[in-house]
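Working notes, structure below.
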Amino acid sequence: MSRKASDNVEYTLRSLSNLMGEKRRRQADGSAGSGAAAAAAAGERSLIAAESCSSLNSAASGGELERAARRQFQQDETPGFVYVVSVFSALGGFLFGYDTGVVSGALLLLKRELNLDALWQELLVSGTVGAAALSALAGGVLNGLCGRRPCILLASGLFTAGAGVLAAARDKETLLAGRVVVGLGIGVASMTVPVYIAEVAPPHLRGRLVTINTLFITGGQFFASVVDGIFSYLAKDGWRYMLGLSAVPAVIQFLGFLFLPESPRWLIQKGQTQRARRILSQMRGNQAIDEEYDSIKNNIEEEEKEVGAAGPVICRMLTYPPTRRALIVGCGLQMFQQLSGINTVMYYSATILQMSGVEDDRLAIWLAALTAFINFIFTLVGVWLVERMGRRKLTLGSLTGTAVALIILASGFLLSAQVSPRITLNPPDPSHQNSTCTKYSYCNGCMLDPDCGLCYKLNKSSVVESSCIPVDKDSTMKAAWGRCSNETVFKKEDLFWAYNFCPTPYSWTALLGLILYLIFFAPGMGPMPWTVNSEIYPLWARSTGNACSSGVNWVFNVLVSLTFLHTAEYLTYYGAFFLYAGFAALGLVFIYGCLPETKGKKLEEIESLFENRLCTCGMSDSDEGRYIEYIRVKGSNYHLSDNDASDVE
Ligand SMILES: O[C@H]1[C@H](O)[C@@H](O)[C@H](O)[C@@H](O)[C@H]1O
């Protein structure tokens, strides 16, 4: 991906002015009296400035300078080191995705082996997410005090220790301790990695490199679902492999980061300027770093003068309007990411697939891996699009599609509920326990009750002889008693068992909604909240800003996942998905009004985008639609889309 030198022509000042001279002669021959002719009377330096100005304005004749400058630019290779550093840090994203994704498969085995009740299953899932929320918040202070590198080392240490504890656990209490340790690692990694990558990346690649971190998150989730699928065949101790495997990338990251450098921006802030310069030039290869270095340094000095250094950072952020606005935008983005229901959709993908006619549990697990794969592949599309479309357009387009997909998904559930099969048989309970299952007259009620399932026959695709029966405590694939209690027997007798879904002719609508949801969500709403947050805060507020917004992400993650089943009970499935569609629509209004474009800008320039009132921030993207490229001509910086080339020397 590094920029390859297209040819080896060295464009010096002389060759550029020769180019200018030639063009001037041609212009004088053709039409006299151009603005360039006037500039010809002035010295060589101003001549070049005026010439290049007019040459860039004229699409027909300005091509030479632009091409020359572009060729010079192309010789500035982005060193592979930046990619190495980004990939090693993004392993934190991989572990975030893996550890949050793997638990659903592990629980299937654990609940049988360790006899886990619903409360313990819940604790093992939300213990991690809750710990992540807390440590993301604490990570802000750590990042500010100790730097990005020690935080990444700490996160990989926690991931390794957690994986070890989980793989060796003998009881549920130890498992919970391991999950909490892993959660602490996830929280620190989720807020540090995007910040670190944004701080080492050159501006034209920043969006892409930070988005790679989310690609690794979804990659981790996909890998986890494959591991779950494979080890689900191993009834004894399969969960130990599932939970312990994450130690491998964690150790790799830890070892790698022993040799990788600290963020140069953090070092400059702490006054370690020599080290910062050395690392910055390592990251920029053959490009001059003076301008970037000075701009970071001046920016820090100005920030200190403007905002002062007294008081806790969060108070200074809240009382200084540009950072307050940035914080609202950053936290809002993370909140709407979770409120549009990604984790519910992912978690319930197996159910949605079952609704659409996939009856085998194991097949549903593999199809859930397919869902995670779609999420991963379309995040890759986001990596490709982010520097082309920019953050704002990508997020707006993605959320619009997500809202439409949620409406389709909800309609699928609604249609299915409306044609929900009637319950026609009510066999007596042989155990004489009063189960709630007998009270339902339609499959829809039976499906929403986690204790019941539907046993039925099919007569040419219509459901007949249906009964709502308690589900077996050890396996959701069969009933506790009656016609559907013995899998091998009932399958031979053409009986079917539906747990968590109702067989209806409209189930494909929900499947269509699910696929569209992932296609639209993954390239934009998945990665952009992380990418944008890594860019919008000035250096003094970056750690705290990212800590708060990551904390918001995790808090809403827990809220949405924990409330889904209750929401579905009160509002039914379609009600829940319509609710998420409503949140997505609100998110659209928020993003349209408040999210400015940050593409191509230096981190130090971004603060100025938040100088206007919040609701007008979204309008301040004057560069939207323009392709910005900084090129260096003999050590100076030149902006191809600027008309003023007076700094070309
Ligand atoms: O950006 C990520 C990604 O979209 C994941 O798929 C999701 O599980 C996370 O919650 C989210 O923060």
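The values are calculated or read from the model by the stated rules, or taken from the named source; none is laboratory data. Small disclaimer: the values here were computed from a predicted structure and weren't measured. Ideal geometry is used to build each Cβ from the backbone, glycine not excepted, and the neighbour counts take in all protein chains shown. For accessibility, only protein heavy atoms count, side chains too; no ligands or nucleic acids. Shrake-Rupley method; radii C 1.70, N 1.55, O 1.52, S 1.80 Å.
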Please specify each residue of segment 420-438 satisfying the condition of being surrounded by 14 or more Cβ atoms within 10 Å (Cβ to Cβ) and either part of a loop (DSSP other than H, G, I, E, B) or of a type in the set (Lys, Arg) (or both).
-> SER420, PRO421, ILE423, LEU425, ASN426, ASP429, SER435
Which ones in segment 179-190 are under 12 Å from the mean Cα position of the chain (by Cα) and either away from the ligand (no atom under 12 Å from the Cβ) or modelled with pLDDT under 95 (or both)?
-> none
Index of the failed condition, PHE501 passing every other in (1) open to solvent by 40 Å² or more (accessible area, probe 1.4 Å); (2) not in a strand (DSSP E or B) | (1)
Matching residues, segment 296-347, being more than 16 Å from the ligand (Cβ to nearest atom) and part of a loop (DSSP other than H, G, I, E, B) = GLY308, ALA309, ALA310, GLY311, PRO312, TYR320
Inspect all residues belonging to segment 514-523 and state whether any of them is buried (at least 24 other Cβ atoms within 10 Å of the Cβ) and closer than 30 Å to SER467 by Cβ.
-> yes
Any residue in segment 298-311 that is modelled with pLDDT of 90 or more, touching a helix residue (DSSP H, G or I) at 6+ places or on another chain (Cβ under 9 Å) and open to solvent by 10 Å² or more (accessible area, probe 1.4 Å)?
-> no
From (1) surrounded by fewer than 19 Cβ atoms within 10 Å (Cβ to Cβ); (2) at pLDDT 90 or above, pick out the condition that doesn't hold for LEU370.
-> (2)
Considering (1) open to solvent by 40 Å² or more (accessible area, probe 1.4 Å); (2) at pLDDT below 85; (3) of a type in the set (Asp, Glu), say which one ASP451 fails and leave the rest.
-> (2)
Identify all residues within segment 261-275 that are open to solvent by less than 10 Å² (accessible area, probe 1.4 Å) and farther than 18 Å from ARG542 by Cα; write none if there are none.
-> none
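Residues in segment 115-168 that are of a type in the set (Ser, Thr, Tyr) and farther than 23 Å from GLU199 by Cα: how many?
Number of matching residues: 3.
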Condition test on TYR537, is it more than 16 Å from the ligand (Cβ to nearest atom) and either under 25 Å from PRO321 (Cα atoms) or outside the structural domain of ARG208 (by TED's automatic domain parsing) (or both)?
-> yes
Subset of segment 367-399 [within 21 Å of SER349 (Cα to Cα) and away from the ligand (no atom under 16 Å from the Cβ)] = LEU367
Could you identify the single residue in ALA106, ALA168, ALA132, ALA163 that is over 30 Å from GLY80 (Cα atoms) and open to solvent by 10 Å² or more (accessible area, probe 1.4 Å)?
-> ALA168
Go through segment 558-577 and give me each residue that's in contact (Cβ under 8 Å) with a residue 40 or more places away in the chain, open to solvent by 10 Å² or more (accessible area, probe 1.4 Å) and under 23 Å from the mean Cα position of the chain (by Cα).
-> VAL558, LEU559, VAL560, SER561, LEU562
Report whether or not GLY526 is within 15 Å of the ligand (Cβ to nearest atom), of a type outside the set (Phe, Trp, Tyr), under 20 Å from the mean Cα position of the chain (by Cα) and more than 29 Å from CYS146 (Cβ to Cβ).
-> yes
Some residue of segment 355-364 being open to solvent by less than 20 Å² (accessible area, probe 1.4 Å), at pLDDT below 95, polar (S, T, N, Q) and more than 13 Å from the ligand (Cβ to nearest atom) = no
Answer yes or no as to whether VAL555 is surrounded by fewer than 23 Cβ atoms within 10 Å (Cβ to Cβ) and touching a residue at least 40 places away in the same chain (Cβ under 8 Å).
-> yes
Verdict on SER225 being crowded, with 24+ Cβ neighbours inside 10 Å, within 12 Å of the ligand (Cβ to nearest atom), within 28 Å of TRP366 (Cα to Cα) and modelled with pLDDT under 95 | yes
